[in-house]
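Below is one structure, written out as structure tokens; the observations come after it.
The values are calculated or read from the model by the stated rules, or taken from the named source; none is laboratory data. The model shown is predicted, which means the values in this text are computed figures rather than measured ones. Cβ sites come from the backbone with ideal geometry, for glycine too, and all protein chains shown count toward neighbours. Calculation scope for accessible area: heavy atoms of the full protein, side chains included, ligands and nucleic acids excluded. Shrake-Rupley method; radii C 1.70, N 1.55, O 1.52, S 1.80 Å.
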Amino acid sequence: MTEPKRSFSARFFRFTFKWLLYFLIGSVALTAIYAVVPVPTTLTMLFDSNGATRDWTRLSNISPNLVRAVIAAEDGKFCNHDGFDREAIEKALERNKSGGRMRGGSTISQQTAKNVFLWQGSGWTRYLRKVPEVYFTFLIETIWGKRRIMEVYLNVAETGIGTYGAEAGAQRYYKKSAKNLTRQEAARIAAVLPLPKKRAVHGAGGFTRRYGNSIAARIRVVQRDGLDSCIYK
């Protein structure tokens, strides 16, 4: 006897389930691999028309000043949240309701998930990215832990035009290893992270200069209050 032909909906469900299963297995496997292996590249690097200078560096070879600077600038609750700062998200939503330039409430964990596995995007593509961003943030928080998330973040974040990671940024701006960055130097790099193609580390003026000085002052607070306790126990 001939097997009855499945309906379109049954075939569609089976196809969707199969590829969803492949995606789940593949994403968990890739996340597990990146827990111990340096991330070789990202979509942002691959599609950067300026090229991508980078030099993977272990967290132990990156100055604590830079770790504390990015916590101060980007995510003061990094060591205490589960990947999502709900208070910051709510505040961002309230600001965005009033109009003007859209602002997010992304944590370092979310930024790392986006940088490693997804795309930057603008307009509607940013919203399309949010669901997988939540998923990958959950994965790295579960599989990597905070120290590895910080290590990856500081190796894939764009620190200047065509420059990625702490080591490449330190060499470009200060001709030294990321391990030897002073508090002021680390703060200057952290200050440009939100807009690395538009903000200057050298000769920074106006907002960027003031922001860098503010971050430099807050580095001591991060250390004093143990906001880096998940990195330096």
**OP:** Return a yes/no flag: does segment 164-180 have any residue that is touching a Lys or Arg at 6+ places or on another chain (Cβ under 8 Å) and either over 30 Å from SER27 (Cβ atoms) or surrounded by fewer than 16 Cβ atoms within 10 Å (Cβ to Cβ) (or both).
**Re:** yes
**OP:** Would you check which residues across segment 126-156 are within 17 Å of ASP228 (Cβ to Cβ) and among the aliphatic types (A, V, I, L, M) and list them?
**Re:** ILE149, MET150, VAL152, LEU154
**OP:** Considering each residue of segment 28-62, count those that are of a type in the set (S, T, N, Q), farther than 15 Å from ALA157 by Cβ and touching a residue at least 12 places away in the same chain (Cβ under 8 Å), and give that number.
**Re:** 3
**OP:** Would you please list the contacts, defined by Cβ atoms under 8 Å and residues six or more apart or on different chains, that run from a residue in segment 202-214 that is over 14 Å from ALA72 (Cα atoms) to a residue that is among the basic types (Lys, Arg) and part of a helix (DSSP H, G or I)?
**Re:** ALA204/ARG188
**OP:** Considering each of LEU227, LEU195 in turn, give the residue that is in contact with a Cys (Cβ under 8 Å, 6 or more places away or on another chain) and open to solvent by 20 Å² or more (accessible area, probe 1.4 Å).
**Re:** LEU227
Subject >> Residue list for segment 53-71, filter: touching a Phe, Trp or Tyr at 6+ places or on another chain (Cβ under 6 Å) and open to solvent by 20 Å² or more (accessible area, probe 1.4 Å) >> reply: ARG54
Subject >> Unmet requirement for TYR211, which otherwise passes all of (1) surrounded by 19 or more Cβ atoms within 10 Å (Cβ to Cβ); (2) out of contact with any Lys or Arg (no Cβ under 9 Å at 6 or more places or on another chain); (3) not hydrophobic (A, V, I, L, M, F, W, C) >> reply: (2)
